[in-house]
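A.B. asks: Quick one: structure below, then a few questions.
Each reported figure results from applying straightforward, stated rules to the coordinates on display, with no laboratory input. These figures come from a predicted structure and were not determined experimentally. Don't worry about glycine lacking a Cβ; one is built from the backbone with ideal geometry, like all the others, and counts go over all protein chains shown.
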Amino acid sequence: MTHAAERDSVVPPMPERTPKALRRAIAQHAPKLLPDFDEHWKWAIADAYDIGPVPAFMVFWWGEYAIARDPELDAHLHDLERRAAESTDNAEVKALLEEAAKIRYRVRDLEPGE
């Protein structure tokens, strides 16, 4: 038998790379992001007369979801950013922010199903 804690630790796969599929995945697996996703969509995309902003929107939210769907990665990233904000050592701040940036950059390349 699988315990609830074990099921919760499974990271859901990335959805299809479409706004609709991404929104559905956010609603199901990272609902805390949904209000900001919807607000950003309304502001940047919904009233646009062309689809030019959609790729940038997708890159941003693809990364946000990729991090939020994994509680351990989400906690680690936020810990790095918190420690950087609190540090007074420039070298430490730089190292912490570089590590956070590498995580954010790496998740952008995840493919659907990963």
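A.B. asks: Say the dipole of the chain comes from +1 at the beta carbon of Lys and Arg and -1 at that of Asp and Glu; which of Pro12, Ile45, Pro31 then lies farthest toward its positive end?
C.D. replies: With unit charges placed on the Cβ atoms, the residue in question is Ile45.
A.B. asks: How far apart, in nm, are the 7 Å Cα→Cβ label points at Asp38 and Val10?
C.D. replies: My value for the distance between the label points is 2.8 nm.
A.B. asks: Let me know the Kirkwood hydrodynamic radius for the chain, please, with Cα pairs as the basis and the value in Å to one decimal.
C.D. replies: About 15.6 Å for the chain.
A.B. asks: About the Cα centre, and with charges only on the beta carbon of Lys, Arg (+1) and Asp, Glu (-1), how big is the dipole of the chain? Nearest 20 debye, please.
C.D. replies: It comes to approximately 320 debye.
A.B. asks: Now a separate question. Order of 19-27, 49-57, 102-110 by packing, highest average Cβ count within 10 Å first?
C.D. replies: 19-27, 102-110, 49-57
A.B. asks: Taking θ as phi - 60°, what are the ³J(HN,Hα) couplings along segment 64-77 by the Karplus curve (6.51, -1.76, 1.60), each to the nearest whole Hz, with x for Gly and Pro?
C.D. replies: Couplings: 4, 5, 4, 7, 5, 6, 10, x, 5, 5, 4, 5, 4, 4 Hz.
A.B. asks: When the chain is modelled as a GNM with alpha-carbon springs shorter than 10 Å, which of Asp36, Asp74, Asp89 fluctuates the most?
C.D. replies: It is Asp89.
A.B. asks: Moving to a separate point now. Let me check against my output: what whole-number percent is the relative contact order of segment 26-79, with C-alpha pairs under 8 Å and at least 6 apart?
C.D. replies: Across segment 26-79, relative contact order equals 33 percent.
A.B. asks: Which of Glu16, Glu99, Glu86 ends up with the largest GNM mean-square fluctuation for the chain, with Cα atoms connected below 10 Å?
C.D. replies: Comparing Glu16, Glu99, Glu86 in the GNM, the peak value goes to Glu86.
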